Amino acid sequence: MIDFIDLHLHSTFSALDAFGLPEQIVARAKSIGRSAVALTDHGSVSGIVQLYKACTAAGIKPIYGCEMYMVPSIKEMFEKSEREKSHITVIAKDNVGYSNLLKLVGLSYHEGFYYRPTIDSRMLFEHNDGLFVFSGCWTGMLQKALQKNDVDAAVTMAKNFKDIFHDRYYLETQHFPLFRKTFDNLQLISEKLGIPIVLTCDPHYLEEKQATMQEILHAIRD
């Protein structure tokens with residue numbers, strides 16, 4: 001079992017949201033003394049082979065995952081032409097989880113593609129074996145509920161996920177000032193339901209000097 005307290009990099013280098021090759025991510029991780037690196041591109045696992053090769057060469061543990069686009073219901077998304085989506089972090093624990101990760105990404109394109117490859121909770125719950133799930137970044141469904149101070153909705157959501165994933169479900173937060181607004185309530189949910197909190201890092205570029213390029217990338221995307 002992976003110790004996610006030691007999950008050093010949680011990255012989203014896709015969808016014109018960020019940039020950097022898996023080889024560059026691994027090189028940076030090794031240079032700052034990390035023993036593992038996760039690649040969680042938005043809606044895609046296309047960088048996994050590059051990640052594996054780069055990590056093998058560098059002697060670093062690769063962690064395979066995806067930051068998936070999620071809605072409460074695919075059916076309602078199409079019926080209402082709803083474009084808004086949430087993010088959820090999905091990580092493969094083992095070979096079964098890796099297989100289910102690939103299945104979910106495939107479903108997100110074949111059954112849930114509407115502006116973005118999308119899944120819903122039914123899909124995720126049905127293919128949950130061997131997967132770790134984090135509640136998501138600032139645009140995760142649980143974080144969105146906490147931003148509205150709807151703690152009851154967040155508790156219900158977290159309980160539903162824990163009922164399916166048991167000890168493979170984590171509450172996610174990040175070390176950015178924005179997350180301080182919701183952390184107290186996140187900690188309350190953690191204590192109430194016995195769900196651990198995991199701290200992730202969500203880099204969109206690797207060096208400070210690349211900040212301007214990040215702004216240009218977002219301008220192209222938008």
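The values are calculated or read from the model by the stated rules, or taken from the named source; none is laboratory data. Note that the coordinates shown come from a computational prediction; the quantities given were computed from them, not determined experimentally. Positions of Cβ are generated from backbone atoms using ideal geometry, with glycine treated the same way; all protein chains shown enter the neighbour counts. Ligands, DNA and RNA are stripped out before the accessible areas are found, and what is left, the full protein with its side chains, is counted by its heavy atoms. Shrake-Rupley method; radii C 1.70, N 1.55, O 1.52, S 1.80 Å.
Points to keep in mind about this one:
- Scanning segment 76-93 for residues that are loosely packed, with under 14 Cβ neighbours inside 10 Å and in contact with an Asp or Glu (Cβ under 8 Å, 6 or more places away or on another chain) yields one hit, GLU76.
- With respect to the stated conditions, TYR205 is modelled with pLDDT under 85 and under 20 Å from the mean Cα position of the chain (by Cα).
- For segment 165-180, filtering for residues that are over 12 Å from the mean Cα position of the chain (by Cα), in contact (Cβ under 8 Å) with a residue 40 or more places away in the chain and within 18 Å of GLY97 (Cβ to Cβ) leaves 1.
- Residue in segment 54-64 that is out of contact with any Leu (no Cβ under 6 Å at 6 or more places or on another chain), within 23 Å of GLY140 (Cα to Cα) and not charged (D, E, K, R) present: yes
- Residues located in segment 125-160, provided they are part of a helix (DSSP H, G or I), surrounded by 19 or more Cβ atoms within 10 Å (Cβ to Cβ) and either in contact (Cβ under 8 Å) with a residue 60 or more places away in the chain or among the acidic types (Asp, Glu) (or both): MET141
- Applying the criterion of being of a type outside the set (A, V, I, L, M, F, W, C), touching an Asp or Glu at 6+ places or on another chain (Cβ under 8 Å) and not in a loop (DSSP other than H, G, I, E, B) to the residues of segment 94-113, the residue that is farthest from ALA36 (Cα to Cα) is ASN100.
- You will find that of ARG28, ARG34, the residue that is modelled with pLDDT under 95 and outside any loop (DSSP other than H, G, I, E, B) is ARG28 and no other.
- Residues in segment 51-69 that are open to solvent by 40 Å² or more (accessible area, probe 1.4 Å) and either part of a helix (DSSP H, G or I) or closer than 24 Å to ASP17 by Cα (or both): TYR52, LYS53, THR56, ALA57, TYR64.
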